[in-house]
Amino acid sequence: MNAETTTDGRSTNMDLLRFATAGSVDDGKSTLIGRLLLDSKSIFADQLEAVEATSVSKGYDYTDLALLTDGLRSEREQGITIDVAYRYFATPNRKFIIADTPGHVQYTRNMVTGASTADLGLVLVDARQGLTEQSRRHAVILSLLRVPHLVLAVNKMDLVDYSQEVYDKIHQEFTQFATKLNIPDLEVIPISALAGDNVVNRSDNMSWYLGPTLMHHLEHVHVASDRDLVDVRFPVQYVVRPKSDEHHDYRGYGGMVAGGVLKPGDEVVVLPSGMTSKIAGIDLFDQEISEAFPPMSVTVRLEDDVDVSRGDMIARVKNAPVPSQDIDAMVCWMTTTPLKPRQKLAIKHTTRTARALVKDIQYRLDVNTLHRDQETKELGVNEIGRVQLRTTVPLLCDPYSQNRTTGSFILIDEATGITVGAGMINSGS
């Protein structure tokens, strides 16, 4: 749970759900988000008026709610989503961050970016089209990214006369496909984003559907236990030394808790040095707190004056990651220049940066059939494959299945500084 606190330290009990939309082009992702924002009263009157005016100027006989999220001019002109659009809104029960990701195949890398931090993946399908290659592709990627909750929203039910037969067919087909994937929690909901059926308010047009509305499910899906609260992982991002009269001897280590629960008095080890100490205190802004857990950003103070710097990690003495230079990972390649063996790249893992050599590409994964092509010698743009890397310094990593923060990394072209790949660690040695 990502609980907020008031000025007197009381919890407001408002937790946060990050979810990413996915699916094919024209499945209605942007319209659905617009509908969520509208029906949850999360947009201003002047925003709605502007969208209504634009819809009229375009000759539409309806209000195009997709205009609320498609902010780039090229997106509005083409009627497609290109970049990841983030939107924030809240209901009395929960706060939300939405990543509206593109549906086009050539923007798969953008979809990976938007879904990498999501608690829930929302895959839309057009009820008229059923499952497409791209909706299968996105379901596979969400599975690879270990997004713990998945909702299949069967959209545009108004265009198939709210047919239960159409819904049942898509439900059965996707459920069968999902058995091949690692999807712990799946919900299938029939909706009409344009008309508002089963989005926030229950639809009278689908009395045969007895499940939750989309908003009800988003408000009540349990995500607190998805985070690793056992293995303490605290990558140090910044050494805090104010050197002011008020805090003359203050020395703390700032960062975001990636795993476990930190408490004052806990015995910890600083990696890679191996020096041990105890937590003297944990600070959040200007107050001391009794514990810290993912994904809180805090400052940790230690009892001993040990050498700690950016890129180090604080962990439990008897439960620490093993420093690894040989990394086995699934990599999503994001640039038109292919990834090849012997290639050298920069690698950023938590707060640590190093250089990496591509030792081998074991196979390319066909995200439509899940076939492993072991004959491939390179990865092209938007392709995913299993890659062996050797890093110049040890990484303090865990398997991605155990911890999505310490189990992931990005690859950077050293010449341009552009992110060219994202990786999910299988193991290190």
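Here are a few things to note about the model shown:
- Label point of Glu303 set 7 angstrom out along Cα-Cβ; within segment 269-287, amide nitrogens under 19 Å from it belong to 269-271, 274-283.
- Peptides ranked, highest mean first, by Cβ atoms within 10 Å: ranges 302-308, 167-173, 329-335: 329-335, 167-173, 302-308
- Total formal charge among the other residues, if their Cβ is under 14 angstrom from that of Glu187, Lys/Arg +1 and Asp/Glu -1: -3
- Based on Cα contacts under 8 Å between residues 6+ apart, the chain shows a relative contact order of 11 percent.
- Working note: Debye formula, equal point scatterers on the alpha-carbon atoms of segment 134-268, no solvent; log10 I(q)/I(0) at q = 0.09, 0.18, 0.19, 0.21 Å⁻¹ is -0.48, -1.05, -1.13, -1.27.
- 1.4 Å probe accessible area per residue over the chain, in Å²: 46
- Shape category assigned to segment 323-428 from the gyration tensor of Cα positions, a/c cut at 1.5: oblate
- Cα centroid of segment 182-238 to Cα centroid of segment 362-376, whole Å: 31
- Summing charges over neighbours of Asp204, with a neighbour being any other residue whose Cβ is under 13 Å away from its Cβ, gives -1 when K and R count +1 and D and E count -1.
- Degrees separating the helix 29-39 axis from the principal Cα axis of the chain, which is the longest one: 90
- In this structure, the amide hydrogen of Ile97, modeled 1.01 Å from its nitrogen in the peptide plane, lies closer than 5 angstrom to those of Leu17, Arg18, Phe19, counting only residues at least 5 positions away or on a different chain.
- Within the accessible area of the chain (1.4 Å probe), percent carbon and sulfur: 48
- Pair Ala224, Arg372: separation of 7 Å Cα→Cβ label points (nm): 3.9
- Net charge of neighbours whose Cβ lies under 12 Å from the Cβ of Gly407, counting Lys and Arg as +1 and Asp and Glu as -1: -1
- Shape of segment 292-383, Cα gyration tensor, a/c cut at 1.5: prolate
- Antiparallel content of DSSP bridges confined to the chain, in %, to 5: 75
- Over the chain, the fraction of Cα-Cα pairs per 10 Å bin, rounded to whole percents and listed from the shortest bin up, is 4, 20, 27, 25, 17, 7, 1, 0.
- Pairs from Lys29/Lys348; Lys344/Lys377; Lys41/Lys95; Lys278/Lys318 whose Cα-Cα separation, in the structure shown, is over 20 Å: Lys29/Lys348
The values are calculated or read from the model by the stated rules, or taken from the named source; none is laboratory data. Just so it is clear, the model here is predicted, and its values are computed rather than measured. Cβ sites come from the backbone with ideal geometry, for glycine too, and all protein chains shown count toward neighbours. Heavy atoms of the whole protein, side chains included, go into the accessibility calculation; ligands, DNA and RNA do not. Shrake-Rupley method; radii C 1.70, N 1.55, O 1.52, S 1.80 Å.
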